[in-house]
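Notes follow once the structure below has been shown.
We did not get these values from a lab; they are worked out from the coordinates using the rules stated. Quantities reported herein were computed from a predicted structural model and do not represent experimental measurements. We place every Cβ from the backbone using ideal geometry, glycine too, and count neighbours over all the protein chains shown.
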Amino acid sequence: MIKKEKVLVIITDGVGLKNFSYTKFPDLLKSKGFEFNYWNSTPFNLEKLDIPSIPLTRNVPLKTDLLKRAKIDIELDFFSKKFKSNVYHYFKSSKKSTNIKSFVKNLIVNFYKIKYKNSLSNLLLTLDRSVVNSKHYQDTFEIIKEQNPSLLFCTNQRSSNLILPLFVAKKLQIPTVCFIFSWDNLPKATKIISTDYYLVWSDFMKNELLQYYPNILERQIHVVGSPQFEPHFTSTVNDLKIFKIKYNIKANVKYILFSGDDITTSPKDEQYLEAVCDAISHINSKSSFRIEILFRRCPVDFSARYDQAIKKHSSILTEIKPYWEKQGEAWNSIIPTKADPTLLANTISVCDLVINLGSSMVFDAACHDKPCAYINFNPNGIDIKKWSVEKIYSFIHFKSMPNKDAVIWINSKEELKDKILEGLNNPHKYVHNAKKWFEIINQHPPQKATERIVGALRAILYKS
């Protein structure tokens, strides 16, 4: 009997769950003749999905996390100098000292930054040693020996939890693969791990990887796209019917989706929601048609900052809460349910326009032939030395935009009414250009990403 190739899939966060547990990825692995097991550090029980799994401890030595922070800052300084741009400094991991504990941590990070400023390779060796010398080394070694995988697949590139399994895999000469999980990650120096192969969204991301990490060879990179967009093409007519009934979606109303950002990306996001509500109320008072808002907050934002606007504008605003669950205090303990991707797909499908501050939601909208408007003015009471829309849109990933008409730019509160009407009345130009941008950012067709990922894993296995 021919031995089946076995893939050990490591899941460390909610995005990994969404991309590789809730999609057809496990079924495709099975149909292509692979054995597989998931090594899972999220609180979600994968057995509920009939996915075999073993727990991965989320404990890494404190030294490892502090070295990781130093590594990110050193790389960002290097990127800034190499590419002659200060934008990289915005991504630094600096944290305020709120107590003696955080003060000491920051002191240690700064020490590492000075010590390894001109010797990043030595820092990476120290990073490896920090986990090799931990109490979890032997357990990890035994798990990988027992699992005996043909390949180790990491579903993101930024988790400290991955360093130890990868070190052991390399020691046992097991090929390793990493999926770069978000469109903006590489310029932010979030690539904490090194693997034998990399899976990326697009040729654009492939070139970024080669640019930022010239030690990586082109043959190590496979362009596959991202599974996160596939649910837009798999949601059923019945799903949509149930959604419309649940949220009382009316046929004679035009809907706008206000998609909230996390508090770091948009610290005064509630002001934007309030301004959009005011603009729509004004339009409704003058128009023969009615507009309402569907509000979806960022899934990891459980704050009360939107409550006032939601209550005040309840006649035109419906909150559609993401189907994510908070199972702990850490950010990676807030995880999506399997129903959430379909919820998002249905939400966008009933809307005529999406409004957001600079997120990849523009691509989700493009999947449904819907235009997206980017908010491009500063809110009241913001310290522009610390945050501004100018800083947000100077980020590297926005340089991939083929032209400015990929989105509708809302440059002031006073423009809101006209720009909303522009999106409703003339969507085609913006959708056309957004799709061009989407083709740059994500390999097409987007609904085939998982098939390309499994194909890439297979090609790697038979090459290794």
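Miscellaneous remarks
- Geometric descriptor of the stretch 231-441, per residue, is 133 Å³ (volume of the convex hull of the Cα atoms).
- Rounded to whole Å, the principal axis extents of the Cα atoms in the chain read 70, 55, 38, largest first.
- The modelled label-to-label distance between ARG129 and VAL87, using points 7 Å beyond Cα along the C-beta direction, is 3.7 nm.
- Taking N as the residue count of the stretch 221-266, its C-alpha radius of gyration divided by 2.2 N^0.38 Å amounts to 1.69.
- Distance (nanometres) between label positions extended 7 Å along Cα→Cβ at PHE111 and ASN238: 6.2
- Whole-number D in µm²/s for the stretch 1-71 (Stokes-Einstein; Kirkwood sum over Cα pairs; 10 °C, 1.306 mPa s): 116
- The stretch 391-464-the stretch 25-81 distance, computed between alpha-carbon centres (Å): 26
- Extended-chain gain in nm, criterion 0.36 nm per residue less alpha-carbon gap, GLU218 and SER121: 32.8 nm
- Considering only the Cα atoms of the stretch 196-301, their convex hull presents on average a projected area of 10.7 nm².
- Gain in span if fully extended, GLU47 to ALA339, counting 0.36 nm per residue against the direct Cα distance: 103.5 nm
- The chain - mean residue ellipticity at 222 nm from DSSP helices (-39,500 (n - 2.57) per run, n ≥ 4, rounded to 500): -12500 deg cm²/dmol
- Remark on GLY225: its backbone amide H falls under 5 Å from those of VAL200, TRP201, SER202, GLN443, a criterion applied only to residues 5 or more positions apart or on other chains, H modelled at 1.01 Å from N.
- Multiplying each eigenvalue of the alpha-carbon gyration tensor of the stretch 343-396 by 5 and taking the square root yields semi-axes of 27, 11, 8 Å, largest first, rounded to whole angstroms.
- The aspartates and glutamates whose alpha-carbon is closer than 19 Å to the alpha-carbon of LYS268, local same-chain residues fewer than 8 away aside, are ASP278, ASP301, ASP307, GLU319, ASP383, GLU390, GLU414, GLU415.
- Structure note, pairs LYS250/LYS417; LYS95/LYS448; LYS84/LYS171; LYS312/LYS429; LYS24/LYS435; LYS171/LYS463: Cα-Cα distances above 28 angstrom occur for LYS95/LYS448; LYS84/LYS171; LYS312/LYS429.
- The stretch 62-130: C-alpha gyration tensor shape, a/c 1.5 cut-off, then a/b vs b/c: oblate
- Euclidean distance between Cα centres, the stretch 218-276 to the stretch 132-173, Å: 35
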